[in-house]
Amino acid sequence: MRLYDLALNLSLVAGPLRLLDGPCPERDVMLGIVEHAVRRVSATTFR
């Protein structure tokens with residue numbers, strides 16, 4: 001289950017980052033999603 005959580009949260013980092021490569025009108029929202037997902041990845045990895 002921990003591996004699944006890690007994979008899910010990594011995908012929540014990767015998706016918004018891909019959108020930020022282009023002209024994303026909601027940059028602040030996407031960055032917020034990325035920051036939240038990175039915190040979750042850190043919490044999942046360092047338990």
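Quick note: the coordinates plus some simple rules give every number you see, no bench work behind them. Since the structure is predicted, the reported quantities are computational estimates derived from the model, not experimental observations. Quick reminder, even Gly has a Cβ in these numbers, built from the backbone with ideal geometry, and neighbours come from all protein chains shown.
Do you know the relative contact order of the chain, to the nearest whole percent, from alpha carbon pairs under 8 angstrom that are 6+ apart?
51 percent
How big is the charge dipole of the chain about its Cα centre, in debye rounded to the nearest 20, if each Lys and Arg gets +1 on its Cβ and each Asp and Glu gets -1 on its Cβ?
Numbers: 6 positive and 5 negative charges, 51 e Å.
Using Cβ point charges on Lys, Arg, Asp and Glu, the chain gives about 240 debye.
Just from its helices, what would the mean residue ellipticity at 222 nm be for the chain, if runs of 4 or more DSSP H residues each count -39500 (n - 2.57) and the sum is divided by every residue, rounded to the nearest 500 deg cm²/dmol?
-27500 deg cm²/dmol
Along the positive direction of the dipole of the stretch 2-45 (beta-carbon charges: Lys, Arg +1; Asp, Glu -1; about the Cα centre), which of Val29, Ala14, Thr45 reaches farthest?
Towards the positive end, the residue furthest out is Thr45.
What is the gain in length, in nm to one decimal, between Asp28 and Leu3 on full extension, counting 0.36 nm per residue of separation less the C-alpha to C-alpha distance?
6.1 nm
Angle between the Cα long axis of helix 2-20 and the longest principal axis of the chain, 0 to 90 degrees, nearest 10?
Compared with the principal axis, the helix lies near 10 degrees.
Please report the equivalent ellipsoid semi-axes of the stretch 2-45, computed as sqrt(5 x eigenvalue) of the Cα gyration tensor, largest first, in whole Å.
Rounded to whole Å, the semi-axes are 21, 10, 5.
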